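Below: one structure, written as structure tokens.
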Amino acid sequence: MNSKNFGLIQAAFSSIFFGCIPFFTLPLYKVGYTSDLVLFYRFFVASVFMGIFLLLKRESFAISFKSLCSIMLHGANYFIIALFLFLALRYADSGLVTTIFYTNPIFVLLLSVIFFHEKLELYKFVLIVITSFGVGLLSGFFSGGVVISFSGLVLSLLAGIGYAVYIMLLLKLPAHDVSREVFSFYLFLFGALTALVYMLFFGNFIFAATIHEWTNILGSALITGVVSNILLIYALPKIGAVLTVIIGVLEPLTAVFIGIIHFGEDMTFEKFLGILIVVCAIILLTVIPNLRKNSI
């Protein structure tokens with residue numbers, strides 16, 4: 001298997017694991033956790049997991065000041081993106097928020113062309129439009145009854161743009177003097193610190209006390225935090241930012257399946273069509289580059 005195909009697989013599993021976020025976070029919301037508190041626990045416990053892993057590997061935590069500043073920027077940005085996304089859900093229907101947020105491949109494509117002078121390939125643009133339409137179907141955006149709020153719209157858009165910037169910074173502003181695992185440790189640590197500072201001014205802190213709470217916190221930190229982020233960091237250099245964020249639509253697809261299987265939500269024709277469109281777009285994403293290469 002060549003490096004690019006392996007990167008596609010890593011990006012796909014990263015998105016699938018990210019899509020498990022509702023499975024672990026919704027039970028915490030039901031017992032009174034706020035978005036910032038969930039994010040704090042997710043980042044903090046993930047940093048503990050990564051710290052233990054690095055200690056077992058006997059890997060050094062040493063890092064240059066330049067790389068430390070870079071990772072601090074990534075960690076703060078990652079928290080802000082998630083916060084904007086969760087706040088958007090307070091003001092607008094989840095269908096609108098999901099659809100707007102997952103247009104972020106368009107922003108990645110534009111940033112790549114404008115700032116890094118990458119070639120604008122037509123098939124990538126077409127696939128972005130197709131996947132955005134599929135996500136709209138998955139989220140119920142086209143079924144009517146979606147509450148359109150200016151605040152929700154702006155926050156969703158800012159989250160989408162922020163995620164595009166985050167992906168581009170990961171690719172263009174890496175910490176060269178540390179491994180990906182050490183990078184992830186500091187990323188989670190600074191994300192947790194940012195969330196803690198935010199809570200000191202705007203939120204309330206709750207100590208996790210039950211096995212049920214800790215099970216969901218540990219699952220969120222390990223699966224949707226450690227594993228998914230490491231896979232993302234490994235996939236980016238292999239396949240680039242645009243392909244990575246297009247494959248990212250597997251995240252809402254996974255969330256839909258979890259909603260149907262675990263939370264008993266209905267499988268509508270609209271959702272089925274959205275799933276079909278997204279899957280076809282992902283297949284084309286892997287097939288077209290090989291066809292173009294073989295035709296040369």
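The values are calculated or read from the model by the stated rules, or taken from the named source; none is laboratory data. All values derive from a computational prediction rather than experimental measurement. Note that we place each Cβ from the backbone using ideal geometry, even for glycine, and neighbour counts take in every protein chain shown. Surface areas here come from the heavy atoms of the whole protein model, side chains and all, with no ligands, DNA or RNA. Shrake-Rupley method; radii C 1.70, N 1.55, O 1.52, S 1.80 Å.
In percent, how large is the relative contact order of the chain, given Cα pairs closer than 8 Å and 6 or more residues apart? If you can, show how the numbers build up before the last one.
Values: 395 pairs, mean separation 122.1, N = 296.
It comes to 41 percent, rounded to a whole number.
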Paired Rg and Dmax values of region 239-278, which use every Cα atom, in angstrom: 12.0, 36
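Stretched out fully, how many nm does the piece from SER60 to THR268 gain, at 0.36 nm a residue minus the Cα gap?
Values: separation 208, 0.36 × 208 = 74.88 nm, distance 5.10 nm.
Length gained between SER60 and THR268: 69.8 nm.
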Per DSSP, loop trypsin sites (Lys or Arg not before Pro) in region 29-136 with at most 13 further Cβ within 10 Å: LYS57, ARG58, LYS119
Using the charge dipole of region 4-93 (Lys, Arg: +1 at Cβ; Asp, Glu: -1 at Cβ; taken about the Cα centre), state which of PRO22, SER60, TYR91 has its Cα farthest towards the positive end. SER60
Could you tell me which chymotrypsin sites (Phe, Trp or Tyr not before Pro) in region 180-277 are loop residues by DSSP with no more than 14 other beta carbons within 10 angstrom of their beta carbon? PHE205, PHE207, PHE263
Coil-residue chymotrypsin sites (Phe, Trp or Tyr not before Pro) of region 1-61, DSSP, other Cβ within 10 Å capped at 14: PHE61
Tell me, what ³J(HN,Hα) does each residue in region 240-247 have, in order and in whole Hz, if you take phi through Karplus 6.51 cos²θ - 1.76 cosθ + 1.60 with θ = phi - 60° and put x for Gly and Pro? x, 6, 5, 5, 4, 6, 5, 5
Two decimals is fine: what is log10 I(q)/I(0) at q = 0.11, 0.14, 0.18 Å⁻¹ for region 37-148, from a Debye sum with one equal scatterer on every Cα and no solvent? -0.60, -0.87, -1.06
R0 = 41 Å: FRET efficiency of PHE125 with VAL197, Cβ-based, nearest 0.05? 0.55
Computed accessible area, ILE81, all protein chains, 1.4 angstrom probe, square angstrom: 10 Å²
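Can you give me the Rg/Rh ratio for the chain, using Cα atoms for both radii and the Kirkwood formula for Rh?
Details: Rg = 18.9 Å, Rh = 19.7 Å.
On the Cα set of the chain, Rg over Rh gives 0.96.
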Mind listing the Cα extents of region 18-67 along all three principal axes, in Å, largest one first? 40, 25, 19
Report the semi-axes of the equivalent ellipsoid for region 206-255 in whole Å, largest first, where each axis is √(5λ) for an eigenvalue λ of the Cα gyration tensor. 29, 12, 7
